[in-house]
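The structure appears below as structure tokens.
The values are calculated or read from the model by the stated rules, or taken from the named source; none is laboratory data. Predicted model only: the values in this text are computed from it and were never measured. Backbone-built Cβ (ideal geometry, glycine too); neighbour counts: all protein chains shown. With ligands, DNA and RNA removed, areas are computed over all heavy atoms of the protein, side chains included. Shrake-Rupley method; radii C 1.70, N 1.55, O 1.52, S 1.80 Å.
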Amino acid sequence: MVTWKLFGEQPPLSRSDWEVEFQRYKEYPEFKLKNSSITMDEFQRIWWMEYGHRTWGRLIGAAFYIPATVFWFKGWFTRAMKIRVGAMGALLAFQGLLGWYMVKSGLENRFDGPSDVPRVSQYRLATHLGAAFVLYSLLFWNTLATLLPPEPVKFTLQLVRFRGMAMGCKTLVFLTAISGAFVAGLDAGLVYNSFPKMGDDWIPEDIMTLKPLISNFTENSTTVQFNHRILGMTTLSAVLGVWVLSRRLPLPRRVHHAVNLMAVAVILQVCLGITTLLQHVPTSLAACHQSGSLFLLSAALWLSHELKRMPK
């Protein structure tokens, strides 16, 4: 889809409508440089995928804004809840605009190099995913605070340190997910499909080939994949370290459940990531891997929530 309307686009209803839509698509780099042999059936498939994604996003907006408006004017929100609902509503609207800003980057005439591949900007993709994760985190945290108040935790110095480690795990999970967006944006999962080594090397030779050097971390496919591997293994180690420490501490029942869930989630996520890499990133596995990151983040958020009332 090469157009965007705030309240939705009408799908093509006839063969001539589809031809008009197809001709629009042919004006853009993705068709000229990547999909010049695409058939009408293939075009319709990707069009409906994008249309479904946008429609789902608008349904999410309706599911949030309509009840929020009713509850607001009926006076069912506390002052604190109004602030949270207002912030989440603003972020939800921003997320929709950010989605089009991301898609638009794949339609721009900026693919001039001989090896350029038309695709959305990895920076905008990472921002779009990051905003989605932040919005989800706010919604999930608010749900836990409302429906599942944390159990009291007795103050000890060990528990304070444990809480800090749990917060660190949550941060690592988020950063690893964002680095995954750069992997997806650059198709970096396709450059080295071996594990644990990258080809024949632990550190590949082309890891710092771009100038300036800092650009390698976001624009060099090899470096981006290498960083995602390192972050993934670091997150795995940190989460399992927290799990081992939790066995030695007198923690409430739900804290133990949250730690156990986070440990299982991180093991599954790492295994899924390695499998996706070795299988040359099939779409189904890649989608499961991205979903796994959200599940892992949910477990980390639950653990943080259960520890939030500890004295700092």
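Quick look at the numbers
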read-out: Of all residues in the range 221-254 being modelled with pLDDT of 95 or more, touching a Leu at 6+ places or on another chain (Cβ under 7 Å) and not hydroxyl-bearing (Ser, Thr, Tyr), the one that is most open to solvent (accessible area, probe 1.4 Å); value: 231
read-out: Condition met for residue 77 (surrounded by 11 or more Cβ atoms within 10 Å (Cβ to Cβ), in a loop (DSSP other than H, G, I, E, B) and on the phi < 0 side of the Ramachandran plot); value: yes
read-out: Residue 290 open to solvent by 30 Å² or more (accessible area, probe 1.4 Å) and closer than 30 Å to residue 207 by Cβ; value: yes
read-out: Lone qualifier among 270, 259, 224 - being over 16 Å from the mean Cα position of the chain (by Cα) and in a helix (DSSP H, G or I); value: 259
read-out: Tally of residues being without any contact (Cβ under 8 Å) to a residue 12 or more places away in the chain, assigned to a helix (DSSP H, G or I) and crowded, with 16+ Cβ neighbours inside 10 Å across the range 1-49; value: 1
read-out: Any hit, the range 108-126, residues being within 30 Å of residue 175 (Cβ to Cβ), open to solvent by 50 Å² or more (accessible area, probe 1.4 Å), hydrophobic (A, V, I, L, M, F, W, C) and in a loop (DSSP other than H, G, I, E, B); value: yes
read-out: The range 255-287, residues that are over 30 Å from residue 157 (Cβ atoms), in contact (Cβ under 8 Å) with a residue 40 or more places away in the chain, open to solvent by 40 Å² or more (accessible area, probe 1.4 Å) and among the aliphatic types (A, V, I, L, M); value: 274, 278, 281
read-out: Residue 40 vs. criteria touching a helix residue (DSSP H, G or I) at 6+ places or on another chain (Cβ under 7 Å) and of a type in the set (A, V, I, L, M); value: yes
read-out: Residues being open to solvent by 60 Å² or more (accessible area, probe 1.4 Å) and part of a helix (DSSP H, G or I) - total across the range 186-199; value: 1
read-out: Whichever residue in the range 200-220 is touching a helix residue (DSSP H, G or I) at 6+ places or on another chain (Cβ under 7 Å) and in a helix (DSSP H, G or I) and, among such residues, is most open to solvent (accessible area, probe 1.4 Å); value: 217
read-out: Criterion violated by residue 151 - all others in (1) part of a helix (DSSP H, G or I); (2) open to solvent by less than 60 Å² (accessible area, probe 1.4 Å); (3) modelled with pLDDT under 95 satisfied; value: (1)
read-out: Scan of the range 227-251 for residues that are within 18 Å of residue 261 (Cβ to Cβ), part of a loop (DSSP other than H, G, I, E, B) and touching a residue at least 24 places away in the same chain (Cβ under 8 Å), ordered by number; value: 249, 251
